[in-house]
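See below for the structure under consideration.
The values are calculated or read from the model by the stated rules, or taken from the named source; none is laboratory data. Note that the coordinates shown come from a computational prediction; the quantities given were computed from them, not determined experimentally. FYI the Cβ positions are ideal-geometry reconstructions off the backbone, even for glycines, and counts take in every protein chain you see.
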Amino acid sequence: MIEVTQEIRIDEAELQFAYVQASGPGGQNVNKVASAVQLRFDVSGSPSLPEEVKNRLRRLAGSRISSEGVLLIEARRYRSQQQNRQDAIERLVGLIARSAQAPKRRKATRPSAAARERRLEVKRRRSEVKRRRRGEGES
């Protein structure tokens, strides 16, 4: 079990890993070893996540999530397959942890009287500048 928050735990059986060849540094090793990791996590079918967390995760994941609701995380930062696997899991946990936090409600505020007065004063000054630019014949 992977612990995301105190309430949310994901069974490792829900994660699917595919190993592919990575590009970049590594010399001849990069042509022989499939060190890059593709982690797939079925957000829609996961029993571990509450519905509101799933919805926030879909929004947060953006283009990394397919139309079927499968999240794809690619990790190719390291030369080692094991490190890339761990990196992919950590990125998934971070993403789920961020979506587990409910967004703060916005408090409606109103501008102060001084702020309204400053705004009007700027508008008056700007209007005066534009009025002075006008020629005599234009009105």
Given the conditions (1) within 14 Å of Leu15 (Cα to Cα); (2) of a type in the set (Gly, Ala, Ser); (3) touching a residue at least 60 places away in the same chain (Cβ under 8 Å), and given that Ala100 satisfies all but one, which numbered condition is not satisfied? (1)
What residue, among those in the stretch 39-71 that are in contact (Cβ under 8 Å) with a residue 40 or more places away in the chain and closer than 18 Å to Phe17 by Cβ, is surrounded by the most Cβ atoms within 10 Å (Cβ to Cβ)? Phe41
Which condition from (1) more than 30 Å from Gln21 (Cβ to Cβ); (2) within 16 Å of the chain's Cα centre (by Cα) is the one that Gly94 breaks? (1)
Considering the stretch 65-86 alone, what residues qualify as being touching a strand residue (DSSP E or B) at 6+ places or on another chain (Cβ under 6 Å) and charged (D, E, K, R)? Glu74, Arg76, Arg85
Residues being of a type outside the set (Gly, Ala, Ser) and over 24 Å from Phe41 (Cβ atoms) - total across the stretch 80-126: 18
Taking Glu74, is it closer than 22 Å to Met1 by Cβ and not aromatic (Phe, Trp, Tyr)? no
Considering only residues that are among the charged types (D, E, K, R), part of a loop (DSSP other than H, G, I, E, B) and surrounded by 10 or more Cβ atoms within 10 Å (Cβ to Cβ), which ones fall in the stretch 79-131? Arg79
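To keep it simple, each residue is scored yes or no on (1) touching a Gly at 6+ places or on another chain (Cβ under 8 Å); (2) modelled with pLDDT under 95; (3) among the aliphatic types (A, V, I, L, M).
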residue	(1), (2), (3)
Arg76	yes, yes, no
Asn84	no, yes, no
Asp87	no, yes, no
Leu92	no, yes, yes
Leu95	no, yes, yes
Arg110	no, yes, no
Arg119	no, no, no
Glu128	no, yes, no
Looking only at the stretch 28-50, decide whether some residue is among the hydroxyl-bearing types (Ser, Thr, Tyr) and modelled with pLDDT of 85 or more. no
Taking Ser67 as the residue in question, decide whether it is closer than 30 Å to Glu7 by Cβ and small (Gly, Ala, Ser). yes
Checking Ala36 against (1) within 16 Å of the chain's Cα centre (by Cα); (2) under 22 Å from Phe17 (Cβ atoms): exactly one of these is not met. Which one? (1)
